[in-house]
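Undergrad: Dropping the structure in here first, questions after.
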Amino acid sequence: MELLLSSRGGALLLAALLLRLGLISGACPCEDPSLCNPIAGTRDFEVFVFQVSGKSWKFYDWSQITTVAIFGKYDPELMCYAHSRGARVVLKGDVSVKEIVDPAFRTAWINQKVDLAKKQYMDGINIDIEQVVAKSSAEYYALTALVQETTEAFHKAIPGSQVTFDVAWSPKCIDRRCYNYTGIADSCDFVFVMSYDEQSQVWTDCIARANAPYNQTLTGYDDYIHMGINPKKLVMGVPWYGYDYSCLSLSKAHVCSIEEVSFRGAPCSDAAGRQVPYRIIMNLANSSITGILWNEEQKAPYFEYRDPHGTIHQVWYDNPRSISLKAAYVKEHGLRGIGMWNGDCLNYSGGSVARQQTKAMWEALKPK
C-alpha cells in the first residue's frame with residue numbers, strides 16, 4: 001500500500017509538473033490563467049507582426065502590436081505576454097495545394113490546426129501558401145474553399161479567433177499564383193499583402209532594383225481595391241530586410257548589372273542577390289563607398305560597398321523614410337493596417353545607435 005501511494009503520489013507530482021510546463025493538453029502555461037483566454041474584439045488599426053525565432057520579441061513595440069504570427073517554434077512565454085498586452089497570437093498554416101483538392105483532406109487538416117491552436121491557447125491562424133496555382137483549376141477552387149472552411153471552423157471552435165491569408169504584392173498572377181483573391185478576401189477576416197520580393201520576376205533588364213518600389217507597391221493595392229476588395233480587408237506588409245547584389249558591372253549612374261537567375265518563367269529575379277535583415281544592412285552601410293543614396297523614382301534607399309575580394313555590391317532596402325511614404329497610403333485609403341516581415345530583423349542589442357534605428361523603424365509604421 002505504501003508503494004502504491006508513493007507511485008500514485010509520484011504520478012500526481014509528474015502530472016502537476018507537466019501541467020505547469022504546458023506539456024499536456026489543458027495546461028495553461030501562464031502565471032495568470034486568464035491569459036490563456038482568447039483575445040476578443042478588434043482594434044481600429046491592425047499592426048501585424050511575424051515572429052520567426054529567438055527572444056527578440058521581448059523588445060518589440062508592444063504599444064502598437066495587435067497580432068503576432070508565430071512562424072518559428074511555439075513559445076508559451078510569448079503567448080502569455082502577447083495576451084497580457086491584448087495582442088492575438090496565431091499559428092502558421094501551410095499545406096500542399098494539390099492535397100487540398102480532396103475535401104476530406106481539407107477537413108482533417110483544418111481540424112488538426114484547430115486542435116493545435118486550442119492546445120497552445122492561440123487566437124487563430126495565418127495561412128501562408130505561396131504555391132503555383134492556375135486560374136480556374138481544381139486547386140484554384142480548393143484554395144478558396146480551404147480559406148472559407150478554415151475561417152468557419154476557427155470562428156466556431158475559438159470565439160473571437162482570427163483567420164488571415166497572405167497574398168502577393170499584386171493580384172496579377174505574381175509568381176504564377178493566380179488565386180481567387182476576391183473570394184479569399186471575402187472568406188477570411190483579412191488578407192496580409194506581402195509588398196516585398198517584388199523583383200521575384202524581372203522581365204526587363206537584369207539590374208538591381210528596390211525590393212518594394214513605391215509606385216509599383218501602391219499600384220498593387222490600387223488593383224486589389226479596384227477588384228472590389230474592401231480596403232478594410234487589406235493589411236499592408238512592408239519589408240524589414242533588403243537585398244545585397246553583386247554587380248557584374250556598375251555604371252556612373254549607379255546601374256548595377258546582376259547575374260541572370262530565372263524564376264517561374266522570368267529571365268531574371270532577386271534570387272541573384274541575398275536577403276539581408278535591416279540590422280545587418282545598417283552595419284554594411286558603415287563601410288559603404290557611397291554613403292546612403294536615395295532613388296527618387298523608386299523612393300528607396302541604397303548604397304554600394306566593396307567586399308574583401310574587390311567585388312562591388314549594391315544593397316537595396318527599406319528604411320523609415322520609404323516605409324513612412326507607404327504608411328501614408330494606408331491612412332489615405334483606409335486600409336485595415338500595416339505589418340512587416342519580420343519583427344526579428346532589427347537590432348535589439350541595446351546600443352544607443354541601434355536603439356535609435358530600431359525605434360525609428362517601429363515609428364514608421366504609424367501613418368502620419
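Undergrad: What residue, among those in region 62-72 that are crowded, with 17+ Cβ neighbours inside 10 Å and assigned to a loop (DSSP other than H, G, I, E, B), is nearest to the chain's Cα centre (by Cα)? First the steps, then the outcome.
TA: Start the filter on region 62-72 by keeping residues that are crowded, with 17+ Cβ neighbours inside 10 Å, which leaves 62, 64-71.
Filter once more, keeping what is assigned to a loop (DSSP other than H, G, I, E, B): 62, 64-66, 71.
Working: Trp62: 17, Gln64: 16, Ile65: 13, Thr66: 13, Phe71: 8 Å.
Here the answer is Phe71.
Undergrad: Okay, moving on. Looking at (1) touching a Gly at 6+ places or on another chain (Cβ under 9 Å); (2) surrounded by 14 or more Cβ atoms within 10 Å (Cβ to Cβ), find the lone condition where Gly86 falls short.
TA: Result: Gly86 passes all but (2).
Undergrad: Pick from region 148-195 the residues that are assigned to a loop (DSSP other than H, G, I, E, B), polar (S, T, N, Q) and over 21 Å from Pro38 (Cα atoms): which of them is farthest from the chain's Cα centre (by Cα)?
TA: That would be Asn180.
Undergrad: Hey, another quick one. Can you tell me which residue among Gly343, Gly334 is at positive phi and in contact with a helix residue (DSSP H, G or I) (Cβ under 9 Å, 6 or more places away or on another chain)? Walk me through it before giving the result.
TA: Details: Gly343 fails: at positive phi.
Selected residue: Gly334, the only one of Gly343, Gly334 that is at positive phi and in contact with a helix residue (DSSP H, G or I) (Cβ under 9 Å, 6 or more places away or on another chain).
Undergrad: Now for a different question. Starting from residues that are in contact with an Asp or Glu (Cβ under 9 Å, 6 or more places away or on another chain) and either surrounded by fewer than 16 Cβ atoms within 10 Å (Cβ to Cβ) or among the basic types (Lys, Arg) (or both), keep the ones in region 41-57 and report whichever is nearest to Pro231 (Cα to Cα).
TA: Filtering first and then ranking leaves Thr42.
Undergrad: Here is a further query. Please tell me if Tyr245 is surrounded by fewer than 23 Cβ atoms within 10 Å (Cβ to Cβ), closer than 26 Å to Ala285 by Cβ, touching a residue at least 12 places away in the same chain (Cβ under 8 Å) and touching a helix residue (DSSP H, G or I) at 6+ places or on another chain (Cβ under 7 Å).
TA: No: the conditions fail for Tyr245.
Undergrad: Just to be sure I understand the filter: pairs with C-beta atoms under 6 Å, separated by 6 or more residues or on different chains, first member in region 162-185 and over 25 Å from Asn211 (Cα atoms), second member surrounded by fewer than 21 Cβ atoms within 10 Å (Cβ to Cβ) and among the acidic types (Asp, Glu). Which pairs pass?
TA: Note: pairs meeting the criteria are Gln162/Asp189; Val163/Asp189.
Undergrad: Same structure, new question: From the list Phe190, Phe165, which residue is buried (at least 21 other Cβ atoms within 10 Å of the Cβ), of a type in the set (Phe, Trp, Tyr) and either touching a Cys at 6+ places or on another chain (Cβ under 7 Å) or at pLDDT below 95 (or both)?
TA: Matching residue, one of Phe190, Phe165: Phe165.
Undergrad: Additional query: Working carefully through the options Asp94, Asp75, find the one that is at pLDDT 95 or above, surrounded by fewer than 17 Cβ atoms within 10 Å (Cβ to Cβ) and closer than 24 Å to Val235 by Cβ.
TA: Details: Asp75 fails: surrounded by fewer than 17 Cβ atoms within 10 Å (Cβ to Cβ).
Only one candidate passes the filter, namely Asp94.
Undergrad: Given the options Val133, Val147, name the one that is buried (at least 19 other Cβ atoms within 10 Å of the Cβ), under 22 Å from Ile70 (Cα atoms) and in contact with a helix residue (DSSP H, G or I) (Cβ under 6 Å, 6 or more places away or on another chain).
TA: Val147
The values are calculated or read from the model by the stated rules, or taken from the named source; none is laboratory data. Small disclaimer: the values here were computed from a predicted structure and weren't measured. Ideal geometry is used to build each Cβ from the backbone, glycine not excepted, and the neighbour counts take in all protein chains shown.
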